[in-house]
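Throughout, read-outs are computed from the coordinates displayed, never taken from laboratory work. Just so it is clear, the structure is predicted and the values come from calculations on it, not from any experiment. Cβ placement follows ideal geometry from the backbone for every residue including glycine, while neighbour counts extend to all protein chains displayed.
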Amino acid sequence: MRRNVSRRAWPLNKLRLEELVEEDIVDAHNESEQRTAFFAMIEDNLALPFQTEAFGVKVTVERVDMNAAEEIVAICRHGQRRQAIPVLDLPLPKSAPRGAEWIEAYLYWTRGR
């Protein structure tokens, strides 16, 4: 059973990132399943919507999704326009939203720990 992780000291240290990664991928058998597990944790725990800046423009992150290439993306809105931005490229605001630790853990996992 997965638990909702409360926000701790930010940024997360290596030990905490490793704990999150291990918790998330414990039942995943391959890279695709591991990526899907991260998507589920981000989707379930990230407090939405939140504001950040992407490409020099203030945007509202409305939701997360997984695209056909199995990238976890943030669906961002600026005015009437929406764009999917990979969460690995999404700058988090200084006051990171609840659940942002899962994005950090995913980034750590993609870098090979």
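Of note:
- Overall dimensions of the chain by Cα: Rg and Dmax, Å: 13.7, 41
- In order through the stretch 27-35: 3J(HN,Hα) via Karplus (6.51 cos²θ - 1.76 cosθ + 1.60), integer Hz, x for Gly, Pro: 9, 8, 9, 8, 4, 4, 5, 5, 4
- Taking label positions 7 Å along the Cα-Cβ direction at both Ala40 and Glu53, the computed distance is 3.7 nm, reported to one decimal.
- Rounded FRET efficiency, nearest 0.05, which uses the C-beta distance separating Arg81 from Leu107 and R0 of 25 Å: 0.45
- Per DSSP, loop GluC sites (Glu not before Pro) in the stretch 10-113 with at most 12 further Cβ within 10 Å: Glu70
- Each Cα pair under 8 Å and six or more residues apart adds its separation to the average, and for the stretch 14-110 the resulting relative contact order is 27 percent.
- Dipole check for the stretch 14-110: with +1 at the C-beta of Lys and Arg, -1 at the C-beta of Asp and Glu, and the Cα centre as origin, the magnitude is about 780 Debye.
- In terms of surrounding Cβ atoms within a 10 Å radius of their Cβ, Asp89, Asp27 rank from fewest to most as Asp27, Asp89.
- Amide H to amide H, with H built 1.01 Å from N, Val59 comes under 5 Å of Thr52, Glu53, Ala54, counting only residues 5 or more places away or on other chains.
- GNM result for the chain, Cα springs below 10 Å: residue of Val87, Val26, Val59 fluctuating most strongly: Val26
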